[in-house]
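Novice: Below is a structure I'd like to ask you about.
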Amino acid sequence: MLADLGLIAGLALLILLALRGVNILLAVLLSILVIGLSNNIALADVFLKHFPFGASGAFSFAGNFLLLFLCGGLFGRIMAASHAAQGVAMGITARLGQQRALWIAMLVCAVLTYGGVIVFVVMFTMYPIGVSLMRSANIPRRLYAAAIALGAGTFTMTALPGTPSIHNVIAARGLGTDLFAGGWYGLLAGFIMAGIGMWYLQWQWRRALAQGEHYVANDKDQQMAALAPAQDAELPGLVRSLLPILMVLITILVPRLLAMAGVSADWLTFANSQPVLWASFALILGSLLCFVLFAPVRQQFVAAAGRGVDDAMLPLINTAAVIGFGGVVIQTEGFHAFAQWLLGLDMPALLSVFVSANLISGVTASASGGLQIFMSSLAPAYLDAGVSAEVLHRIANLAAGGLDSLPHSGAVIALFTLMGLSHKEAYKDIFVVTVAIPMLAALVAVVTALLFA
């Protein structure tokens with residue numbers, strides 16, 4: 001009983017500290033101390049074994065995925081330094097018109113994240129541009145933040161096949177699948193997330209205007225507006241700006257297409273069996289294409305690459321810390337009882353996957369953290385139960401992208417901090433587009449898979 005209470009207390013402490021803005025690594029260390037003491041786990045094992053080096057340990061995860069994070073940070077920063085990221089944003093804006101600012105925010109974020117630009121770089125790219133969009137279209141800040149979250153943190157993160165996102169790679173590495181596994185289910189869920197999510201935001205915008213709610217500038221807007229590209233700036237065109245992203249996606253797609261065509265080669269086997277290395281290689285090619293195409297980045301390539309490494313380290317450390325927390329949690333009797341309860345639920349296996357991956361991601365407030373823990377602790381049981389590895393890959397990805405965006409999510413807190421918003425002001429809309437709608441989309445994918453898989 002005391003052990004279970006200690007486990008709950010550790011989880012509650014992590015959530016409370018995250019909501020109060022405490023550094024996630026410090027919050028995790030304090031929380032695993034509580035869990036270790038209450039569950040009679042030797043502190044040496046907690047801090048020197050399970051947290052850093054267990055099957056779901058922080059350093060184990062960081063070592064396995066360091067290259068992917070670094071290449072993602074490098075590609076994102078070089079896209080920004082070359083002005084290609086801004087070119088994508090301004091090109092879409094020019095074609096859709098500023099009155100479609102919410103669509104612009106969602107589409108630009110979706111294009112950039114689907115191509116491999118890390119979420120935090122996308123936020124910093126879109127917010128300066130968004131100041132003028134919010135002002136001209138009279139959009140409340142909370143809705144623009146939700147549009148960024150919809151484009152950057154939902155369907156491109158877990159649903160769309162082929163993306164080099166960490167979530168897609170974790171599932172591929174854990175199950176021996178490729179980045180396109182369960183693609184049709186992902187496309188269905190992605191369409192639901194994007195379509196219903198944008199319908200909700202447009203409805204809320206009309207409702208806000210009818211109630212007299214308008215865009216209100218704050219100090220952060222003044223600072224960020226200075227970073228936005230001028231309307232007459234010499235930015236690369238939309239098509240040219242998209243070429244590096246297309247390079248990344250085509251590089252990832254080619255091995256699968258050749259394998260489906262019956263081509264056999266050692267490098268194809270390598271590409272399809274090593275998703276971390278192949279996705280990293282694709283991101284490097286995209287970065288090199290930026291160097292060739294865009295003069296601005298050639299003048300500061302080394303500095304931009306260094307900043308890209310810096311961009312990658314904080315998300316890597318934060319994600320690894322959450323996964324290390326899970327590495328301690330899975331050593332407790334309470335977690336094993338919880339896992340047995342999940343596996344013993346009287347429901348179809350895929351529905352059980354939906355429930356279990358959602359709950360674990362909700363506890364850790366991280367889709368990648370929850371997915372890694374799910375893959376190391378529960379996925380083998382579902383494979384033994386007869387679930388196809390490809391279907392499990394996509395359904396687990398979709399489920400992990402539901403409760404991961406609860407209020408203590410690091411990405412949610414970072415977005416609110418960047419835009420000067422509070423949970424009270426903006427979390428309701430974030431919850432709808434990043435929790436409620438993705439869970440609905442995942443359930444539709446589960447039902448579809450049960451009917452047709």
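Novice: Tell me the Kirkwood radius of segment 1-49: reciprocal of the mean inverse pair distance over distinct alpha-carbon atoms, in Å.
Specialist: Value: 10.8 Å, from the Cα pair sum.
Novice: Test of understanding: express the Cα radius of gyration of segment 229-328 as a ratio to 2.2 N^0.38 Å, with N the residue count.
Specialist: Against the compact-globule rule of thumb, the ratio is 1.41.
Novice: What dipole magnitude, in Debye to the nearest 20, does the chain give about its Cα centre under +1 on Lys/Arg Cβ and -1 on Asp/Glu Cβ? Before the final figure, lay out each step's value.
Specialist: Values: 19 positive and 18 negative charges, 189 e Å.
So the magnitude is around 900 debye.
Novice: For residue 80, what is the net charge nearby, where nearby means another residue's Cβ is under 10 Å from its Cβ and Lys, Arg count +1, Asp, Glu -1? Don't skip to the answer; put the middle values down first.
Specialist: Values: positive: 77, 307; negative: 311.
Taking every Cβ under 10 Å from that of residue 80, the sum is +1.
Novice: Can I ask one more? Could you sort 29-37, 420-428 so that the peptide with the highest average Cβ count within 10 Å comes first and the rest follow in order?
Specialist: Details: 29-37: 19.7, 420-428: 15.2.
Order by mean packing, descending: 29-37, 420-428.
Novice: Which three semi-axes in whole Å describe the equivalent ellipsoid of segment 378-453, each the square root of 5 times a Cα gyration tensor eigenvalue, listed largest first?
Specialist: Gyration-tensor ellipsoid for segment 378-453: 32, 13, 7 Å.
Novice: Of the heavy-atom accessible surface of segment 50-452 (probe 1.4 angstrom), what whole percent is carbon and sulfur? Before the final figure, lay out the partial values.
Specialist: On the way: 10190 of 15410 Å².
Answer for segment 50-452 is 66 percent, counting heavy atoms of protein chains only.
Novice: Would you kindly compute the Cα radius of gyration of segment 66-170 and its largest Cα-Cα separation (Dmax), both in Å?
Specialist: My reading of the Cα-based Rg and Dmax gives 13.4, 42 Å.
Novice: Once every DSSP H run of n ≥ 4 in the chain is given -39500 (n - 2.57) and the sum is divided by its residues, what mean residue ellipticity at 222 nm do you get, rounded to the nearest 500 deg cm²/dmol?
Specialist: Helix-only estimate at 222 nm: -24000 deg cm²/dmol.
Novice: Rg and Dmax of segment 116-187, Cα atoms, in Å?
Specialist: Rg and Dmax of segment 116-187, Cα atoms, are 15.3, 48 Å.
Novice: Over the alpha carbons of segment 1-148, what is the largest minus smallest coordinate on each principal axis, giving the biggest first in Å?
Specialist: 61, 34, 18
Novice: Here is a further query. Under a Cβ-Cβ cut-off of 12 Å, what is the net charge of the residues other than residue 184 that fall near it, where Lys and Arg count +1 and Asp and Glu count -1?
Specialist: 0
Novice: Could you run the Karplus curve 6.51 cos²θ - 1.76 cosθ + 1.60 with θ = phi - 60° over segment 244-259 and give me ³J(HN,Hα) per residue in whole Hz, x for Gly and Pro?
Specialist: Whole-Hz 3J(HN,Hα) from phi for segment 244-259: x, 5, 5, 4, 4, 5, 5, 4, 6, 6, 4, x, 5, 4, 5, 5.
Novice: Let me ask you something else. How far apart, in nanometres, would the label points at residue 55 and residue 345 be if each is projected 7 angstrom from Cα along the Cα-to-Cβ direction?
Specialist: 2.1
Novice: Just the number please: accessible area per residue for segment 50-452, 1.4 Å probe, all protein chains included, in Å².
Specialist: 38
Novice: Place the peptides 258-270, 59-71, 340-352 in order of packing, highest mean first, counting for every residue the other Cβ atoms within 10 Å and averaging per peptide.
Specialist: Sorting 258-270, 59-71, 340-352 by mean packing, highest first, produces 59-71, 340-352, 258-270.
The values are calculated or read from the model by the stated rules, or taken from the named source; none is laboratory data. Keep in mind it's a predicted model, so treat the numbers as computed, not measured. All Cβ positions, glycine included, derive from the backbone under ideal geometry; neighbour counts span all protein chains shown. Accessible surface areas use protein heavy atoms only, side chains included; no ligands, DNA or RNA. Shrake-Rupley method; radii C 1.70, N 1.55, O 1.52, S 1.80 Å.
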